[in-house]
Structure formats: structure tokens, C-alpha cells
Amino acid sequence: MASKAVKTVAKAVSEYQYPWREKLAKHKDELSKGVWGYWNLGAWTPLHISARRRARLRKEVLLAGEDWPYDPERKEMRIKMKGHKCDRISAEKRENTAKLMERMPAMLLAYKKRRWEKKMKEEDKKFKLKEDDKKSK
């Protein structure tokens, strides 16, 4: 008796293993119209299946390992991060300062070289002026 009852229960469970298939077949036309609703003759028409039931059906289908093609298309991710502008700018300034500090020795050498060349040009001018003054006298 007990084994017969177990078999009937197992048979009932195996037959009723995928109740979502029936629900999906029933609401297939409605789900294909859109996620939240659709425009019909210039008027917005919400779906006849509630969002709660739709979500529950979606969850059952996905747990069964099937594909759910009725999700809306995903938007592109935002490139610009949220937050305060001053925080982003200060981070960029810190990065820029680090790059400049790496280039600092070469920049100092170039500055010293320019200064030395300028000093030499001024000395040459002074020397030439003195020579011109001596020649003119």
C-alpha cells in the first residue's frame, strides 16, 4: 500500500514538474509585447499579467535552466563616475604631479642649461661692448 502511494505521488510530481511551461505558453503573447506594457492605438496599455507574477514566472524559468527572452535590452554603462567633481579633479592633479615629479631631474637640467646659455650670451654681449668701446677710443 505504501509503495503504491509513493508511486502515485512520484508520478504526480513528475507530471507536474514543469508548471511554468503551461504558464509561459498561456502568457507568451502578453510577455512578447513588452516588459511593462505597450502602446495600443496611441494609448498605453499595461500587461494583463502583474509584475509580481511575471517576476515569479521568470524566476521559475531561470531556475529550471531555460532561457528568458523577454527581458528589456540593457543600456550602456555610464562612463562618467558619480561623485563630487572636486574629488575627481584633485585625483587627476595628484596623478599629474606624480608624472611631473618623475620628469623633474630632466626638467631641472634643461633649466640650468638654458640659464647657463643665457648667462654666457650676456657675458659675450658685455665683452663685445667692452671691445667695441676700446676700439672706438
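Can you send over the carbon and sulfur percentage of the accessible area for the chain, probe radius 1.4 Å, protein chains only?
Numbers: 7610 of 13350 Å².
On the chain, the fraction of accessible area on carbon and sulfur atoms equals 57 percent.
In loop segments of segment 51-137 as defined by DSSP, the GluC sites (Glu not before Pro) with at most 16 further C-beta atoms inside 10 Å of their C-beta are GLU66, GLU73, GLU76. The figure for TRP20 is an accessible area of roughly 20 square angstrom, using a 1.4 Å probe on the protein chains alone. Full extension of the chain between ALA106 and ASP87 gives 3.8 nm of extra length, using 0.36 nm per residue less the Cα-Cα distance. Using C-alpha pairs under 8 Å with a sequence gap of at least 6, the mean separation divided by the residue count of segment 12-90 gives a relative contact order of 25 percent. Note on SER136 and ASN40: the extension gain reaches 24.3 nm, defined as 0.36 nm multiplied by sequence separation minus the Cα-Cα distance. As a size descriptor, the averaged projected area of the C-alpha convex hull of the chain was calculated at 23.8 nm². Given labels modelled 7 Å from the Cα in the Cβ direction, how far is it in nm from ALA25 to LYS80? Result for the modelled spin labels: 5.1 nm. Only protein heavy atoms count here; on that basis, with a 1.4 Å probe, MET107 has an accessible area of about 80 Å².
The values are calculated or read from the model by the stated rules, or taken from the named source; none is laboratory data. Predicted, not measured: the structure shown is a model, and the values here were computed from it. Counting neighbours? That spans all protein chains shown, and the Cβs are built from the backbone with ideal geometry, glycine included. What goes into the accessible areas is simple: the full protein's heavy atoms, side chains included, and nothing from ligands, DNA or RNA. Shrake-Rupley method; radii C 1.70, N 1.55, O 1.52, S 1.80 Å.
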